[in-house]
Every structure is written in C-alpha cells, then in structure tokens.
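To start, the structure itself, in structure tokens.
The values are calculated or read from the model by the stated rules, or taken from the named source; none is laboratory data. Being a predicted model, the structure only gives us computed values, none of them experimental. Glycine also receives a Cβ, built like all others from the backbone with ideal geometry; neighbour counts cover every protein chain displayed.
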Amino acid sequence: DLPPTQAGPNAPLLRGKYDLVETEDWQINYFPENYRSTRGAGGHAGWVFRQLYFRQALQTLVNQSGLIKNYFKGYGTPTYGPAPVYPPNNFAHGVELEAGGPYPFSMSKGQSLLAAHGWKVVPGGSTTCVKPGTGAGDCGAGIPKGTPLTFQEVYASGSEALTEVVENEVANWAKAGIKVTLVAMPFNDVLRRAVSCYPVAIPPCHAWDMANWGGGWLYSPDYLPTGEQTFATGAASNQGDYSNPTNDKLIKETNRVSKLSVFYRWEDFLA
C-alpha cells in the first residue's frame, strides 16, 4: 500500500497502455552541505554550515509534505532522520515519526532562529551577520561581521520534479534572506563536484557549498540502517565532512549491539 499521502493515478496519456506498479525503496533522501566550503557566504560557508541553529533554520524553511504533494504527486514520505520511515518498520523512532519532524515547516521560526543568533534578517534580500562571536546570540565561530548568507547549490538535471523542488526551496530560503544560486548539471557531475576534504584536503573540496543529486541513500545491500558509510567522520560517502564525536560513538554502538534502543539513541541524536 502507498503511504497516506494520496498518491495520484497514472498519467492520462498512459492509462490503458501501461500499468502503474508502485515500488518501495528502503532509503532516505538528503543532500550534503559542505562543512569545509570557502566558496559561499563571503568565503565562510563552511563555518556557517557548522552552526546547528543555521541547519535548523534551513530545514525549518523546507515544506516537505507540500513538496511531496505538489511535485511528486504524493509518491513519497517526509524524511526527518537517518532511518527510513516507510514501509513501516521497527527502526524508525521518535521525532522521525512526528508530524513535521523535529523542525516543522515555519517561515517565522526560520527567520527568528537567524535573528536570535546575530543575523540581520532581510526577507527577499541578503541576511548578514551583525553580531560576530561565539557567545549566546552570536553568529558563531569563523563568521566575521558582514558575512552574507549567499550560497550555490548544484543539483541533478533531467527531473522536472527535482527542479521544481529545489526552486521551491530556494524561494522559501530567500524569504529569510538566504540567497541560493542554482546550477543544474548531470547526475555524475554533481557527484564529482561533491569532493570531500578527507583524508587530504585538495582545492576542489573547498569549492562547493551544496550538492543535491536527488537520490539520497539506499540501504541496499546493507539493509541495517547504521550510518557509518554516510554520517561518520571520514566516511567514504560523507561528502560534506560532517563530524561529531557523539554521532561517531553512537554509530559504533549500532555496529556492535543489535538492540533497537541503541539505534534509537543514534537516530534521535542525528535527527
């Protein structure tokens, strides 16, 4: 059965000629921000992405349910964490199953998160850091005064739905003064652009901000959703160089212990 998102029928031109058969992929959808980028935000994009409040604001400005309904015709379920939530399973847990996830869509919340951390929010314009520093209410480490929230996102061309999704996301981010320039390129070129700085930093690894190949991660043939290939420090598919010692510790526990409670601790933390 399809998830309760009321997926649409077969396209009229195909009805009567082809049967529509749904498949269920054991996967999540996501795309990385580059924690080592020196391209966007006046050369400070990587430092901006490292701020938890900024990632929360970025996610809060994404209307997942609306995107699935309007552009994917209901074929999909919102993704709020590292474990797939559909088909129903014992791994999905906690905030991953809550409506809207840990950061429900809210334009006002996204704007207020930025304002509360030292940014002058300019809807439709360019939001800039006005309170540099590392204290409460400051922009955060590595972000000087005047840093603009300007970035570039490369995304996979060839899918009308994906193009509509990224354009909608960019439009919503712009309402909080986050300016993201889109660049479409073939799928393989997006992957080639998303170069990690681990274990050796080479110039290309600093030259991209966001990379969206439109496919996320499929847990196959490694069906156990443990995360060491995608979210652990130095992992081969951790293109954005996300690194957190608590996350690494919890991932190791999922590799060693089969209890669901171990998976729940990791999933809740990463979400």
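Sub-8 Å Cβ pairs linking a first residue in segment 128-143 that is under 11 Å from L114 (Cβ atoms) to a second residue that is modelled with pLDDT of 95 or more and among the hydroxyl-bearing types (S, T, Y), at least 6 apart or interchain, are T128/T147; C129/T147; C139/T147, ordered by first then second residue. Tell me, yes or no, whether segment 71-86 has at least one residue that is of a type outside the set (D, E, K, R) and surrounded by fewer than 13 Cβ atoms within 10 Å (Cβ to Cβ). No, segment 71-86 contains no residue that is of a type outside the set (D, E, K, R) and surrounded by fewer than 13 Cβ atoms within 10 Å (Cβ to Cβ).
Being crowded, with 16+ Cβ neighbours inside 10 Å and assigned to a strand (DSSP E or B): is that true of F231 here? Taking the combined requirement at face value, the residue does not satisfy it. Has segment 74-90 got any residue that is at pLDDT 95 or above and under 21 Å from G177 (Cβ atoms)? No, segment 74-90 has no match at all. Looking only at residues in segment 6-60 that are assigned to a helix (DSSP H, G or I) and free of Cβ contacts under 8 Å to residues at least 12 places away in the same chain, the one that is nearest to D241 (Cα to Cα) is L52. Give the residues of segment 159-214 that are surrounded by fewer than 16 Cβ atoms within 10 Å (Cβ to Cβ), out of contact with any Pro (no Cβ under 8 Å at 6 or more places or on another chain) and closer than 18 Å to Q59 by Cβ, sorted by residue number. Listed by number, the residues that qualify are E167, A171.
For K120, the criteria (1) over 18 Å from W26 (Cα atoms); (2) crowded, with 16+ Cβ neighbours inside 10 Å hold in every case but one, which is (2). All conditions but one from (1) touching a residue at least 60 places away in the same chain (Cβ under 8 Å); (2) buried (at least 22 other Cβ atoms within 10 Å of the Cβ); (3) among the aliphatic types (A, V, I, L, M) apply to A156; the one that does not is (1). Within segment 161-195, being at pLDDT below 95 and touching an Asp or Glu at 6+ places or on another chain (Cβ under 9 Å) holds for no residue.
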